[in-house]
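In what follows, a structure is listed as structure tokens, so that the remarks can point back to it.
Any read-out appearing in this document is the output of simple, stated calculations on the displayed coordinates, not a laboratory observation. What you are looking at is a predicted structure, and each value in this text was computed from that prediction instead of being measured. Using ideal geometry, Cβ is built from the backbone for each residue, glycine included, and neighbour counts are taken over all protein chains shown.
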Amino acid sequence: MRKGLSDDDGPDIGKYTLDAEKHDAKDLAEIEDKYKQAFLDVGYDPEGAERSGSFLQVDHSVLCSKVMQEGVEIMSTTDALGKYSWLSDYWWHAVAPGKDVYTQQVDRKQTHGYFLRTLPGVKTTYPLQSCLFTGQEGLSQNVHNIVIAEEGSELHIITGCSVAEKVQSALHLGVSEFYVKKNAKITFTMIHNWAPEVEVRPRSGIIVEENGVFIGNYVSLNPVKDLQMYPVTYCGKNARATSQSIIYASKDSKIDIGSKMVLQGENSRAEVISRTVATDQADVTARGFLIGSAPNVKAHLECTGLMLSDTARIYSVPELEATVKDAELSHEAAVGRISEEEIAYLTARGLSEEEAAGAIVRGFLNVDIKGLPAALGAQVRQMIRMSAEVL
Amino acid sequence: MLEIKSLNLEVDGRPVLKDLNLTIKEGESHVLLGPNGSGKTSLLLGILGFPKYKVTGGSIIFKGKDITDLSTAERVKLGMGIAFQHPPVIRGIKLGEMVNLCKGDTSQQINQQTRTLAKKLHFSDEFLERDVNAGFSGGEIKRSEIMQLMAQDPDFVMLDEPDSGVDIENMELIGDMIGELLHRRIRPSKRTASGLIITHLATITDYIEVDWAHVMLNGMIACSGNPDRIISEVMKGGYEKCVRDCQMTMDRI
Ligand SMILES: Nc1ncnc2c1ncn2[C@@H]1O[C@H](COP(=O)(O)OP(=O)(O)OP(=O)(O)O)[C@@H](O)[C@H]1O
Ligand SMILES: [Mg+2]
């Protein structure tokens, strides 16, 4: 347990109901229509244009699992468990079921989640999209996701989590286990769009085998009551892993987010990049932990925070641990305010001070999302910009 | 266009300009020479109203209006623009977007008009995608600053050493662009833009003709007059000698 705060601390599971209204495939068109904008805001396009497949879960019902490319599999994890006996080898293999009360709850009271897989050598032409959506007040959604890129395959995913506008409070528990096989690649871009009374506990483990590549991008720009996540990536021989997060924390948001990279295979590389803006009374802890335990590993951590108010807080915790002599681990961490010189520069070009500050914050969050196919990268950037536009 | 009356200016509590007077009429272009640290950049930033540069005495009149207490944004709205000597890097804002902002356009899309302007300044479309000033070479900064000014098209143009560290070919281009900004290519009676150009070696005056030259020493304009005469004296004998001769001439008058 880290820095005094137990992973068990946080939302009270008992406060939320598991009694979800059932939705049917025949309701799909109506639901897609009703929540269209909310879906689009987290990257899920109901029309599925330029997608190699789609998965949509609303509350506890899987409404859509559609494959548009051969060699790609998309289904509910509950269905996948019934279909593939071998899946038990992957079930609770990258995350321990007894890790904390939230993983225990998902283990006992799972409510679907997605199973995404590319068969050996298959490369997705377009990204797969998924959306986990809560439309019912006070509901607990307990998903267990499994993502597998078989040997030599390439799997691009854009996934969003969101709640209906009318939903005030909800709990989202999400266990995600990723398996990047030899020479395979997964890019996983996750966009969260929560509400001020929603509590969130994602629990992720990522196993990257020899020569595999995993690129994880996380974006959250809306208020959330309480969010804690700390995905752990295990890098095998020659593996590469990148984690980037872009956080705009406002109102009374409480966010504790970080990434742990375990470089246990020789010659593996990892990079953790986080950009955090904190305003109003938001409280953000930005963590990063690099562990080098195999020869010739190299990893870097870059954690930048921008403070916009005197009542917010950014607590940055970079950690490095080496247990072999030729591990090369480094970090840069900085927290600061908006530079006056930059504001002055923009006002000299005709912007008001407020406009200049807004442009600088948007620029700060406008990180080049690495490793994504060009079209997807442009789309994600565009989404970040649009969300940041209203900040 | 601009009238500065016995201006006193402080930076970080330290006086940098003392009783400075300067008048620039509509359609006129002036050059300002002076040694390092004499206060040239401070004068421009003071005219622009940067918060760090505090007026402790005197006034600045622009287009007939006392702007001494106006914010930078308000002054820019009235028609001022500047090309900075040392602009900051702005992460995440692309040069193309910046050009849009200068035109008052907040879209991030780089349109044909922006690309055409960039081409004129010898910038490729890819260059417009770079973060503003991030890793720009010295010459690229000069051209990028002038490009932004051209997008803004102000009536009063301030240029802080547009000619320092620029190679011959780029100098020709920059001279052309400044000539355009300052209406140097049209008849004097038709000129409506005015300019104040800081220059160390007066290189820019080989490319455009100017109406006045001033020498700044220790936060004061110590000498003003015909640009050909002043520039040749500075080039021959240095700033101080020029100022001494200048004052002797004034004493005689
Ligand atoms: N932001 C600032 N903070 C502290 N001191 C400053 C600042 N700006 C200017 N100064 C000081 O004021 C004096 C005048 O500086 P200024 O930049 O105006 O000179 P300059 O004539 O433009 O010089 P150069 O030819 O080197 O560009 C210098 O001593 C400088 O150190
Ligand atoms: Mg200067």
Loop-resident GluC sites (Glu not before Pro) in segment B:81-129 with no more than 12 other Cβ atoms inside 10 Å, DSSP not H/G/I/E/B, are B:E126
DSSP beta bridges in the protein assembly as shown: the antiparallel percent, rounded to 5, is 20
Violations at 26 Å Cα threshold for listed pairs A:K123/A:K325; B:K18/B:K52; A:K123/A:K182 -> A:K123/A:K325
When the charge dipole of the protein assembly as shown is computed with +1 on Lys and Arg Cβ and -1 on Asp and Glu Cβ about the Cα centre, the Cα farthest towards its positive end, among A:Q168, B:V243, A:S387, belongs to B:V243
Treating every alpha carbon of the protein assembly as shown as one equal point scatterer without solvent, the Debye formula yields log10 I(q)/I(0) values at q = 0.06, 0.11 Å⁻¹ of -0.44, -1.02
For chain B, the dipole about the Cα centre with charges only on Cβ (Lys and Arg +1, Asp and Glu -1), to the nearest 20 debye, works out at 460
If each K or R counts +1 and each D or E counts -1, the residues other than A:C161 whose Cβ falls under 13 Å of its Cβ total -2
Per-residue average of other protein chain Cβ atoms inside 10 Å, peptide B:102-114 -> 2
Across the alpha-carbon set of segment A:13-338, Rg over Rh with Rh taken as the Kirkwood radius works out to 0.96
Stokes-Einstein, Kirkwood over Cα pairs, segment A:10-70, 10 °C, 1.306 mPa s; D in µm²/s equals 120
Rounded to the nearest Å, the spacing of the alpha-carbon centers of segment A:292-357 and segment B:88-120 is 26
In segment A:34-130, the GluC sites (Glu not before Pro) that sit in a DSSP loop and have at most 14 other Cβ atoms within 10 Å of their own Cβ are A:E47, A:E50, A:E70
Excluding residues fewer than 8 positions from A:K109 in its own chain, the aspartates and glutamates with Cα under 18 Å of it are A:D8, A:D12, A:D19, A:E21, A:D59, A:D79, A:D100, A:E177, A:E199
Quarter of the surface of the C-alpha convex hull for segment A:337-382, i.e. direction-averaged projected area in nm², equals 3.9
The size of the Cβ-based charge dipole (Lys, Arg +1; Asp, Glu -1) of segment A:339-391 about the Cα centre, to the nearest 20 debye, is 420
Shape descriptors of chain B over alpha-carbon atoms, Rg and Dmax in angstrom, are 18.1, 61
Once the dipole of segment A:13-338 is set up from charges on Cβ (+1 Lys and Arg, -1 Asp and Glu), the residue from the list A:P223, A:T134, A:A282 lying farthest towards its positive end is A:A282
Going through B:K40/B:K63; A:K99/A:K298; A:K166/A:K225; A:K26/A:K166 one by one, the pairs whose alpha carbons sit over 18 Å apart turn out to be B:K40/B:K63; A:K99/A:K298; A:K26/A:K166
If every Lys and Arg gets +1 and every Asp and Glu gets -1 at its Cβ, then about the Cα centre chain A yields a dipole, in debye to the nearest 20, of 760
Summing +1 per Lys or Arg and -1 per Asp or Glu among the other residues with Cβ less than 11 Å from A:E137's Cβ gives -2
When the charge dipole of the protein assembly as shown is computed with +1 at the Cβ of Lys and Arg and -1 at the Cβ of Asp and Glu, the Cα pointing farthest to the positive end, of A:V272, B:Q148, A:A374, is that of B:Q148
